[in-house]
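**Q** Got a structure here, written out as structure tokens. Questions coming.
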Amino acid sequence: MASEGVGVVREHFDDKVCVVTGAASGIGLAVSEALLRAGAVVVLADRDADRLASTVDGLDHPPGRVDSAAVDVTSQPQVQHLVDAAVSRHGALDFMFNNAGIGGTLPIGDATLEHWRRIIDLNLWGVIYGVHAALPIMRRQGSGHIVNTASLAGLVPFPYQSLYCTTKYGVVGMSECLRYELGAENIRVSVVCPGNVASRIFGTPLIGEAVEAEPPDDAIPAEEAARIILDGVAAGEGIIAFPEAPKQLWRQYCSTPETVESYLQQVARQRRSAFASGDVAALFRPPPDRGEA
């Protein structure tokens, strides 16, 4: 079955033009690498020009299959230029992966308006700019697929993540609305809602310099996340939620939210204690009875 899945993914992405934001590390890089293995043409975009250049140099790819661009997705002109340049160079835009984003876990009392602007500009406006740039091109083509990265925190209201949840719920809502609105035009829309994935996001504060931080123990490798994402995109899934335990938590929250109440209260207590003690590692540690949520 695994080999069949690989074949389906390769057939789906072979020779397709894909733009991926936030592509210098984490999920964005892993998705870009998987797309290249599937035969796609990939335009990698990231605001960190040095890391992006190093990343592209290290990629194993056939000639003419990779482009890169230093892009800050909080700038609408830069995102528009990214998309227009990709189409000008490669003749089409088959997949737009609006993946760039940042985490945000902090007490609401510590959140400044600068925090709010930063996370909304990057996590929400960055996706809006990507959709705004890609959609007219896909409409002219009569086809395309927009893939927006949200989070499990766009499906379940985790305490101490009010800023992050605000943006990711927005991405989920927009993506789901567009999925139904654009389906008749042969334009697909998917939203990616991962749980913890091993990446630099855990060491990247909303404001300030990045720090060294280990991902949570339950974080899955970015390569595994990329495989699940591309399988879901190839299958035309609307909401691609993973891994299994967080996915089940979301399903339970949808069907019987009262049964998840005690779990979310535990998360709140644990994170309250973590902030009080300065134990940053405890912020994303699953409560002991998570499986009973």
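The values are calculated or read from the model by the stated rules, or taken from the named source; none is laboratory data. The model shown is predicted, which means the values in this text are computed figures rather than measured ones. With ideal geometry, Cβ positions are generated from the backbone for all residues, glycine too; neighbour counts draw on all protein chains shown. Calculation scope for accessible area: heavy atoms of the full protein, side chains included, ligands and nucleic acids excluded. Shrake-Rupley method; radii C 1.70, N 1.55, O 1.52, S 1.80 Å.
**Q** Checking the conditions here, which among 74, 105, 112 is among the β-branched types (Val, Ile, Thr) and at pLDDT below 95?
**A** Matching residue, one of 74, 105, 112: 105.
**Q** Let me ask something else. What is the residue count in the range 140-181 for residues that are surrounded by fewer than 24 Cβ atoms within 10 Å (Cβ to Cβ), among the charged types (D, E, K, R) and within 24 Å of residue 231 (Cα to Cα)?
**A** 3
**Q** Of the residues 42, 17, only one is surrounded by fewer than 24 Cβ atoms within 10 Å (Cβ to Cβ), farther than 14 Å from residue 192 by Cβ and among the β-branched types (Val, Ile, Thr); which?
**A** Exactly one of 42, 17 is surrounded by fewer than 24 Cβ atoms within 10 Å (Cβ to Cβ), farther than 14 Å from residue 192 by Cβ and among the β-branched types (Val, Ile, Thr), namely 17.
**Q** Among 112, 74, which is the only one that is among the hydroxyl-bearing types (Ser, Thr, Tyr), open to solvent by 30 Å² or more (accessible area, probe 1.4 Å) and within 28 Å of residue 241 (Cα to Cα)?
**A** 74
**Q** Please work out if residue 194 is under 14 Å from residue 225 (Cβ atoms) and at pLDDT 95 or above.
**A** Yes.
**Q** Are any of the residues in the range 20-29 hydrophobic (A, V, I, L, M, F, W, C) and farther than 23 Å from residue 198 by Cβ?
**A** No; the residues of the range 20-29 include none that is hydrophobic (A, V, I, L, M, F, W, C) and farther than 23 Å from residue 198 by Cβ.
**Q** Just checking, which of 49, 69 is touching a residue at least 24 places away in the same chain (Cβ under 8 Å) and either touching a His at 6+ places or on another chain (Cβ under 6 Å) or surrounded by fewer than 22 Cβ atoms within 10 Å (Cβ to Cβ) (or both)?
**A** 69
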